[in-house]
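Before any comments, here is the structure.
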Amino acid sequence: MLGGDERVIRVDTGVGTAEVRGPESLLEKALSDAIVRSERAEANAAVLDAAYELFCRQGIQRTTMDDVARRAGLSRITVYRRMVSKDALVEQVVLREFRRYIDQFLLDIAQAPTVGDRVVVGFVSSLRAIRGNPLVEGLMAVEPHLLVPSIVGHDGRTLHVVGQFVAGQLRREQSAGHVPASVDVDLVAELMVRLSTSFLLTHSDLVDLDDDEQLAAIARDFLVPMLAVPKPA
């Protein structure tokens, strides 16, 4: 349900593009869309809105295409014409949520004055947005088998794409002189992404993942120093 055909994804890394080959997951598609800033008209917004509401309320498996059609005020045939299958509908709903998350992430870090602040804000913003999203939260709690493979599956390709996205942001900071040239931004990005993913997917007895101040302190103490820049106050 959350996989795709073999294809090449070109990721903006700040100074060029990197290619990632293999089955494309939902998160990979969402990141690809956000990175190239591809704006798509949401002609099927009514269907997606109806499906999102139902998925959040009763889960994906219990929601039928008939339910979505009734909620959207459309005929079942119209819904199928637009989405082809329930799998396609689920994919589009989750994709839209990831695109919204990425847009908000980029907006949040743009408000931070220094690279250290941007790392802290990005880390906290990411965990808050994903963990607080009603759809993602529901999938993680009730139907994790529908979402987790899209994040950690495909032999780590999704993590690689996310890492390339973060590395691209860090490389821009490096090009602007905000991060020393000696820093391996690809390695730092991978470590940041793996830490964030671990917090997203697993419970912690030591860290309150709903405490933004604690998350910010973790980012200041452990993530920012990897960039060899002063920690934000």
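The values are calculated or read from the model by the stated rules, or taken from the named source; none is laboratory data. Given the structure is predicted, the values throughout are model-derived calculations rather than measurements. Note: ideal-geometry Cβ built from the backbone for every residue, glycine included; neighbour counts use all protein chains shown.
Some values worked out for this structure:
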{"quantity": "Positions within segment 170-225 being outside any helix (DSSP H, G or I), without any contact (Cβ under 8 Å) to a residue 24 or more places away in the chain and not hydrophobic (A, V, I, L, M, F, W, C), in sequence order", "calculated": "Gly177, Asp184, Thr202, His203, Ser204, Asp205, Asp208, Asp211"}
{"quantity": "Qualifying residue in segment 109-127 (condition: touching a Gly at 6+ places or on another chain (Cβ under 7 Å), at pLDDT 90 or above and closer than 25 Å to Leu195 by Cβ)", "calculated": "yes"}
